Amino acid sequence: MKRRITRQLQLGSVFIGGDAPVSVQSMTNTRTDDAAATLKQIKELAAVGCDVIRCAVPDMPAAQALREIVAQSPIPVIADIHFDYKLALAAIDAGVNGLRLNPGIKNIPIRIGVNAGSLPKDLLEKYGHPTAEALVEAAWRHIHILEELDYRNIKISLKAHDVPLTIAAYRLLAAQCDYPLHVGITEAGTVNSGIIKSAVGIGTLLAEGIGDTIRVSLTGDPVNEVKVAYNILKALGLRDY
């Protein structure tokens with residue numbers, strides 16, 4: 001199966017994009033400031049094949065716990081941070097392998113994430129409702145900011161609850177850039193409904209060669225996310241394990 005050619009970036013020991021295999025990501029649902037519980041879950045996820053793990057960092061105790069988590073994690077750790085640059089700097093200092101906020105000072109991969117449920121008001125007014133074009137335009141705003149700073153170590157996600165909208169948005173962006181794409185369906189839901197939505201949405205894009213790393217978002221134990229992701233990849237002949 002032929003995949004689109006993208007730039008390659010590195011998250012710790014894992015390569016994303018280029019000729020690297022499609023990687024599987026998940027997210028811990030423990031309290032990150034509880035390093036022991038978080039590490040236990042990370043190791044459980046790694047045991048079923050998770051390639052990259054994301055940890056929420058809502059406060060400084062969580063950021064400080066990352067040092068122990070990163071040091072003992074068997075897979076690369078991404079810090080999931082919203083709004084507070086001080087937490088981003090603390091996470092960088094703790095040695096995380098990736099970040100969802102522009103750190104501005106170190107060349108670690110940054111994920112630009114656009115969600116249909118939180119589009120800028122002016123784009124909602126321009127398009128009337130969340131559309132593929134609105135998602136892509138929102139993404140380019142952030143991409144241009146980083147490119148103007150000569151920073152291109154980025155990957156991009158365009159997510160929505162709506163599967164056709166998600167597919168259309170990724171198709172549109174894939175035709176416009178060569179950045180690696182993180183593919184998933186926002187809050188896909190419980191195991192049954194989530195598996196169906198993710199298999200259709202993620203599977204369609206992967207079958208078209210679009211997608212460099214994926215996350216299946218399911219309610220409950222994140223181990224199920226990794227197992228479902230691998231089943232999707234296996235069905236398309238993209239990963240054996």
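Taking region 76-186 as the region of interest, the helices (runs of 4 or more DSSP H) fully inside it that hold 2 or more residues being crowded, with 20+ Cβ neighbours inside 10 Å and of a type in the set (A, V, I, L, M) are 85-94, 132-148, 163-174. On the stretch given as region 1-39, residues that are more than 21 Å from Gln64 (Cα to Cα), open to solvent by 30 Å² or more (accessible area, probe 1.4 Å) and part of a strand (DSSP E or B) total 3.
Among the residues of region 220-234, some residue qualifies, meaning at least one is assigned to a loop (DSSP other than H, G, I, E, B), surrounded by 15 or more Cβ atoms within 10 Å (Cβ to Cβ), in contact with a Ser or Thr (Cβ under 6 Å, 6 or more places away or on another chain) and touching a residue at least 12 places away in the same chain (Cβ under 8 Å). The single condition among (1) assigned to a loop (DSSP other than H, G, I, E, B); (2) in contact with a strand residue (DSSP E or B) (Cβ under 7 Å, 6 or more places away or on another chain) that Arg54 does not meet is (1).
The set of residues in region 40-51 that are open to solvent by less than 10 Å² (accessible area, probe 1.4 Å) and either basic (Lys, Arg) or assigned to a helix (DSSP H, G or I) (or both) comprises Ile42, Leu45.
Take Thr28 and tell me if it is under 22 Å from Gly113 (Cα atoms), β-branched (Val, Ile, Thr), in contact (Cβ under 8 Å) with a residue 40 or more places away in the chain and in contact with a Cys (Cβ under 6 Å, 6 or more places away or on another chain). It is true that Thr28 is under 22 Å from Gly113 (Cα atoms), β-branched (Val, Ile, Thr), in contact (Cβ under 8 Å) with a residue 40 or more places away in the chain and in contact with a Cys (Cβ under 6 Å, 6 or more places away or on another chain).
The values are calculated or read from the model by the stated rules, or taken from the named source; none is laboratory data. Because the structure is predicted, anything quoted here is derived from the model rather than measured. In this analysis, Cβ positions are derived from the backbone assuming ideal geometry, glycine residues included, and neighbour counts consider all displayed protein chains. To get the accessible areas, we keep the full protein, side chains included, count just its heavy atoms, and leave off ligands, DNA and RNA. Shrake-Rupley method; radii C 1.70, N 1.55, O 1.52, S 1.80 Å.
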